[in-house]
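J.: Following this message is one structure expressed as structure tokens.
The values are calculated or read from the model by the stated rules, or taken from the named source; none is laboratory data. None of these values were measured; they are calculated from a predicted model. Glycine gets a Cβ as well: all are built from the backbone with ideal geometry, and neighbour counts include every protein chain shown. Note: accessible area is taken over every heavy atom of the protein model, side chains too, but ligands, DNA and RNA are not part of it. Shrake-Rupley method; radii C 1.70, N 1.55, O 1.52, S 1.80 Å.
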Amino acid sequence: MTSKIWGGRFSDAADAVLDAINVSIDFDQRLWTQDIEASKAHVAMLAAQGVVTHADAERITNGLAQIEDEIRSGVFVFSRGLEDIHMNVESRLAEIVGPVAGRLHTARSRNDQVATDFRLYIRDFVDQLDAALLDLQRALAERALAEAATVMPGFTHLQSAQPVTFGHHLLAYVEMIARDRGRFHDARERLNESPLGAAALAGTSFPIDREMTAKALRFARPTANSIDSVSDRDFVLETLSAASICAMHLSRFAEEIVLWTTPQFGFVGLSDKFTTGSSIMPQKRNPDAAELVRGKTGRIFGALQALLVVMKGLPLAYSKDMQEDKEGAFDALDSLALCVAAVAGMTRDMTVDRNAMRAAAGAGYATATDLADWLVRAAGLPFREAHHVTGRLVALAAARGVGLEALALEDLTAVDPRITPEVFEVLGVDKSVESRTSYGGAAPKNVREQAQAWLQRLA
């Protein structure tokens with residue numbers, strides 16, 4: 001590193017190992033938009049407060065605008081010798097406007113500067129992600145409406161439990177994503193405070209206006225404690241926590257897609273857009289997009305855990321350990337955004353084999369609960385007794401290798417004489433799902449209403 005911003009205290013060059021471990025420009029250069037935006041707000045405030053002249057502020061602002069154009073057009077040269085995005089911008093600013101560039105750093109430190117930049121970056125990401133999650137919800141709700149009456153098996157323990165509809169199943173993920181969006185929204189609310197002006201850790205003696213910079217950067221307010229301002233990374237942890245839960249939801253859906261596309265299930269198919277082939281087996285169609293969504297969840301979880309470990313032992317205020325807050329977060333958030341897009345794409349791409357779903361819905365004695373409920377409702381049995389009677393009938397059907405609906409009436413009455421011919425009305429999968437009319441239940445009528453309500457809410 002050839003230049004040091006900390007001036008005359010150091011006379012020898014840093015060891016190459018220190019440079020290697022210390023440099024962050026390779027990853028924090030993506031904060032350039034936020035860094036320039038915050039610097040413009042800061043110098044405008046300094047001019048308004050009479051800390052710098054308006055003429056100097058204008059020159060600095062014009063220089064920052066030029067740097068912005070250079071980075072956007074790809075001609076800006078990022079230097080590892082300048083350590084980070086802040087010094088790269090400040091060094092280039094000095095080349096453009098001369099020594100007056102040094103006035104920009106009045107009344108601020110890189111500690112509050114990076115905290116501000118990173119909050120702005122996370123806030124921008126959350127806003128972009130919310131739009132992507134809304135699109136995913138819309139894709140799921142649209143498919144749910146189209147498949148509101150498509151009967152499929154509902155599972156517990158990955159065993160056939162009760163018939164549901166594919167639309168009802170998809171709406172479960174709409175609800176999950178809604179909670180994810182709520183968690184990101186909550187995290188955004190808490191991060192939306194401006195650390196700018198906290199300086200290194202103690203504030204500043206200059207007559208700055210932190211309310212002005214907070215407003216200029218669209219923060220709700222300035223942070224209230226200068227020590228906490230520069231030492232806090234809760235805003236990253238909260239966002240990564242929400243990201244981890246969201247990734248877990250996406251991974252569960254991806255796992256189901258992997259299962260559903262197997263010949264053993266055969267419930268859905270994916271086109272060439274979201275599958276790959278095998279280098280040796282020409283018949284293969286692999287659901288790689290779904291598998292990678294499932295796989296990338298691990299790195300998102302890992303980023304959260306890594307930052308928790310970094311922060312757990314740090315005394316107040318700032319320590320260089322906190323530079324480790326960015327690489328994992330950038331990777332995790334990039335991965336999550338990609339996973340959301342992939343799941344939305346697969347949701348719209350998949351074709352549904354309704355016959356296969358319907359056939360599977362009737363397997364595994366999935367209407368047994370309907371039979372037990374009928375015994376309670378029509379024959380007056382206590383549910384525990386109805387459960388026992390139904391279990392005996394399932395055992396009889398299993399011994400004969402047939403479904404419950406294939407048993408003759410005399411077979412049923414031999415187990416319990418209170419059974420009448422009306423029982424066959426509840427032993428079909430269509431009757432089963434149609435009967436689930438309780439709020440939030442799987443009846444096609446319910447599913448249509450819920451899907452339409454979601455689509456109106458998401459419009």
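J.: Would you please give the FRET efficiency between residue 377 and residue 316, computed as 1/(1 + (r/R0)^6) with r the Cβ-Cβ distance and R0 = 41 Å, to the nearest 0.05?
T.: For residue 377 and residue 316, the calculated efficiency is 0.05.
J.: Could I ask something else about it? Computing the accessible area with a 1.4 Å probe over protein heavy atoms, can you report the carbon and sulfur percentage for segment 191-308?
T.: Accessible surface attributable to carbon and sulfur in segment 191-308 totals 56 percent.
J.: Take the alpha-carbon positions of segment 16-103, form their convex hull, and give its projected area averaged over all directions (one quarter of the hull surface) in nm².
T.: It is 5.8 nm².
J.: When averaged across all projection directions, what area in nm² does the alpha-carbon convex hull of segment 364-458 cover?
T.: 6.8 nm²
J.: Helix 110-146 versus the longest principal axis of the chain: what is the Cα-based angle in degrees, 0 to 90, to the nearest 10?
T.: 20 degrees
J.: Angle check, please: helix 383-400 long axis (alpha carbons) against the longest principal axis of the chain (alpha carbons), in degrees 0 to 90, nearest 10.
T.: 70 degrees
J.: Excluding ligands, DNA and RNA, what is the solvent-accessible area per residue of segment 364-458 at a probe of 1.4 Å, expressed in Å²?
T.: I get 53 Å² per residue for this part.
J.: Here's another thing I want to ask about it. Over the Cα atoms of the chain, Rg to Rh with Kirkwood Rh, two decimal places?
T.: A ratio of 1.16.
J.: With unit charges on the beta carbon (Lys/Arg positive, Asp/Glu negative), name the residue among 75, 45, 91 whose Cα is farthest towards the positive pole of the charge dipole of segment 16-103.
T.: Going by the charge dipole, the pick is 45.
J.: Rounded to the nearest 5, what is the percent of antiparallel bridges among the DSSP beta bridges in the chain?
T.: So the antiparallel bridges amount to about 80 percent of the total.
J.: Here's a follow-up. Each residue of segment 267-280 in order: what ³J(HN,Hα) in whole Hz does its phi give by Karplus 6.51 cos²θ - 1.76 cosθ + 1.60, θ = phi - 60°, with x for Gly and Pro?
T.: Calculated HN-Hα couplings, in order: 6, 9, x, 10, 7, 4, 5, 10, 9, 10, x, 10, 6, 10 Hz.
J.: Which of the lysines could a cross-linker span from residue 320 if the Cα-Cα distance has to be under 19 Å and same-chain partners fewer than 8 positions apart are dropped?
T.: Of all the lysines, those that pass the test against residue 320 - Cα under 19 Å, at least 8 places apart if same chain - are 4, 312.
J.: With all protein chains present, how much of the accessible area of segment 16-103 (probe radius 1.4 Å) comes from carbon and sulfur, to the nearest whole percent?
T.: 53 percent
J.: So what's the angle, to the nearest 10 degrees on a 0 to 90 scale, between helix 368-379 and the longest Cα principal axis of the chain?
T.: 60 degrees
J.: Right, something else. Between residue 387 and residue 408, what length comes free when the chain is fully extended (0.36 nm per residue of separation minus the Cα-Cα distance, one decimal in nm)?
T.: Stretched out fully, the residue 387 to residue 408 stretch lengthens by 5.6 nm.
J.: How big is segment 376-417 on each of its three principal axes, counting only the C-alpha atoms and giving the largest first in Å?
T.: Ordered largest first, segment 376-417 gives principal extents of 28, 17, 14 Å.
J.: Grab the Cα-Cα distance for residue 65 and residue 280, subtract it from 0.36 nm times how many residues apart they are, and report the gain in nm with one decimal.
T.: 71.9 nm
J.: If you don't mind, there's one more thing I want to ask. So if I place +1 on the C-beta of Lys and Arg and -1 on the C-beta of Asp and Glu, and nothing else carries charge, what would the dipole magnitude of the chain be about its Cα centre? I want it in debye, nearest 20.
T.: 500 debye
J.: If you count only protein heavy atoms with a 1.4 Å probe, what accessible area per residue comes out for segment 16-103, rounded to a whole Å²?
T.: It amounts to 44 Å² per residue over segment 16-103.
J.: Oh, and also: Given H placed on each backbone N at 1.01 Å, which residues far from residue 154 in sequence or on other chains put an amide H within less than 5 Å of it?
T.: Close amide H contacts, sequence-distant or interchain: 161, 162, 164.
J.: Compute the signed sum of charges (Lys and Arg +1, Asp and Glu -1) over the other residues within less than 14 Å, Cβ to Cβ, of residue 307.
T.: -4
J.: Please name whichever of 339, 361, 437 sits farthest to the positive end of the charge dipole of segment 300-445, dipole taken about the Cα centre and charges placed at Cβ: Lys and Arg +1, Asp and Glu -1.
T.: It is 437.
J.: Determine, for each peptide in 284-295, 256-267, the mean count of other beta carbons within 10 angstrom over its residues, then list the peptides with the highest first.
T.: 284-295, 256-267
J.: Calculate, for residue 124 and residue 159, the FRET efficiency according to 1/(1 + (r/R0)^6) with r their C-beta to C-beta distance and R0 45 Å; round to the nearest 0.05.
T.: Calculated transfer efficiency: 0.50.
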